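Student: Here you go, one structure.
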Amino acid sequence: MNSDLDLLGHQLLAARLARIPAILAEMLAAPPAPLSPVTAAARRFVVTGTGSSEAHARYLAMLLNLHTDRTAAYLPLSGFTGSHREAFAGSTLVVFSQGVSPNAQIALRRHREFAHAILFTATTPEVAAAAGKPDRAALLRELVASGGELVVFPLAEEYTSLIRFVGPMAGYLACLQFTARLAGCRFKLPPAADILGLLDVAPPPDLLQEMLAAPDTFARGFNLVCAAPISEFAQNLACKFMEGLFWPCPTVSDFLQFAHGPFQQMSAHPHPVIILQGDSPLEDELVRRSLRMLAGAGLRGQVVKVDAPPLISIFGFEAAFNRLVFALMQRLGIDQINWPGKGRDDALYGFCPDV
């Protein structure tokens, strides 16, 4: 049995999940060095990332826009294939890529068009060189030599499986620590115990049992409903089901957006709803109204509640969904080593070296 789990990657993923509390505790115990003067002085940011890194980029944009006097805009990676030199001038480029993927390099190769560039990554020049990726190492050295800055977070070389568990958690914390160091930031970094405590959040037993008993019901599609600002950076919560189980990515809707199309569609074609609830009284009211609306249409929703503010509740939602997806992965015997489509995505995944 253990040999079968090794072949599927489940033991590897279980070990990575078990390491998350210690890794985040280490990040919190040894906070990063002060920001460089040019980073500290930056006022306008253009942020990008794809995969789980898109959620990090959008989370940082939220932190900068809502909790500092700076501004940030998210731009998908394909936006860096066009000519926007005048729009980029004077802004700071922020790229998120745990492993400096080929397509992240589309943005990085244009860093000289910006006033400054910052890369959030788990890959240093030394790590890239040791992994036999000299071109990647050279790109990182050139970025640093030209004044760019690396914000390094774990886990380097989190490969072998399709889904990643450590990097997404650590990336959110890197964003939080980065923003807290900016002058005028309107929040203090929460106590370590508050963040680490959220790693114990588990999915509701009823939801876990329902998904384990009838996975095909969810595999055909479901909705995630939540409040802003979580709705702006919940991409990785949805992607866990796509990358971990190969299900269609659930639709993420803001509570009020849900009544403008998604609810009507699922009334015609019923499928499950999972509601994310934070600690605000308004969310309590929105959840009650949502459940009442669903019940009126003969539909049912499950609620995943995290008693924390939007600043840090993502850590609890990540923890709950990690447990949910991993339990389903084990029950369904999902192969995370030889996933569908492996090795056949180079036409787009490796787009950057071709242009």
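The values are calculated or read from the model by the stated rules, or taken from the named source; none is laboratory data. Keep in mind that this is a model prediction, so the values were computed, not measured. Virtual Cβ from ideal backbone geometry, glycine too; neighbours counted across all protein chains shown. The area values use the complete protein model at the heavy-atom level, side chains included, leaving out ligands, DNA and RNA. Shrake-Rupley method; radii C 1.70, N 1.55, O 1.52, S 1.80 Å.
Student: Scan the range 231-274 residue by residue and report those that are part of a helix (DSSP H, G or I) and among the small types (Gly, Ala, Ser).
Tutor: Correct list: 231, 238, 244, 267, 268.
Student: Related question: Take the residues in the range 63-86 that are closer than 25 Å to residue 37 by Cβ and in contact (Cβ under 8 Å) with a residue 40 or more places away in the chain, then tell me which one is farthest from the chain's Cα centre (by Cα).
Tutor: It comes out as 69.
Student: Can you say whether residue 215 is open to solvent by less than 50 Å² (accessible area, probe 1.4 Å), touching a Ser or Thr at 6+ places or on another chain (Cβ under 6 Å) and closer than 25 Å to residue 341 by Cβ, as far as the supplied structure shows?
Tutor: In short, no.
Student: All but one of (1) surrounded by 11 or more Cβ atoms within 10 Å (Cβ to Cβ); (2) not in a loop (DSSP other than H, G, I, E, B) hold for residue 347; which doesn't?
Tutor: (1) is the only condition that residue 347 fails.
Student: Does at least one position in the range 84-104 carry a residue that is out of contact with any strand residue (DSSP E or B) (no Cβ under 9 Å at 6 or more places or on another chain), closer than 21 Å to residue 51 by Cα and open to solvent by 40 Å² or more (accessible area, probe 1.4 Å)?
Tutor: no
Student: Does the range 175-195 include one or more residues that are in contact with a His (Cβ under 7 Å, 6 or more places away or on another chain), charged (D, E, K, R) and at negative phi?
Tutor: Yes, the range 175-195 has at least one match.
Student: Has the range 306-325 got at least one residue that is modelled with pLDDT under 95 and either of a type in the set (A, V, I, L, M) or open to solvent by 70 Å² or more (accessible area, probe 1.4 Å) (or both)?
Tutor: The answer is no, given that none of the residues of the range 306-325 is modelled with pLDDT under 95 and either of a type in the set (A, V, I, L, M) or open to solvent by 70 Å² or more (accessible area, probe 1.4 Å) (or both).
Student: Can you name the residue in the range 22-35 that is assigned to a helix (DSSP H, G or I) and open to solvent by 60 Å² or more (accessible area, probe 1.4 Å) and, of all such residues, is nearest to residue 165 (Cα to Cα)?
Tutor: Step by step, filter the range 22-35, then rank; the result is 22.
Student: Which of the residues that make up the range 41-68 are open to solvent by less than 40 Å² (accessible area, probe 1.4 Å) and either aromatic (Phe, Trp, Tyr) or assigned to a helix (DSSP H, G or I) (or both)?
Tutor: Selection gives 45, 52, 53, 55, 56, 57, 59, 60, 61, 62, 63, 64.
Student: Would it be correct to say that residue 157 is in a loop (DSSP other than H, G, I, E, B) and open to solvent by 20 Å² or more (accessible area, probe 1.4 Å)?
Tutor: yes
Student: Mind listing whichever residues of the range 224-270 are open to solvent by less than 10 Å² (accessible area, probe 1.4 Å), free of Cβ contacts under 8 Å to residues at least 60 places away in the same chain and polar (S, T, N, Q)?
Tutor: 253
Student: Here are 131, 137: which of them is in contact (Cβ under 8 Å) with a residue 24 or more places away in the chain and open to solvent by less than 50 Å² (accessible area, probe 1.4 Å)?
Tutor: Testing whether each residue is in contact (Cβ under 8 Å) with a residue 24 or more places away in the chain and open to solvent by less than 50 Å² (accessible area, probe 1.4 Å) leaves just 131.
Student: Looking at the range 160-211 only, could you name the residues that are part of a loop (DSSP other than H, G, I, E, B) and closer than 14 Å to residue 17 by Cα?
Tutor: 161, 163, 164, 165, 201, 202
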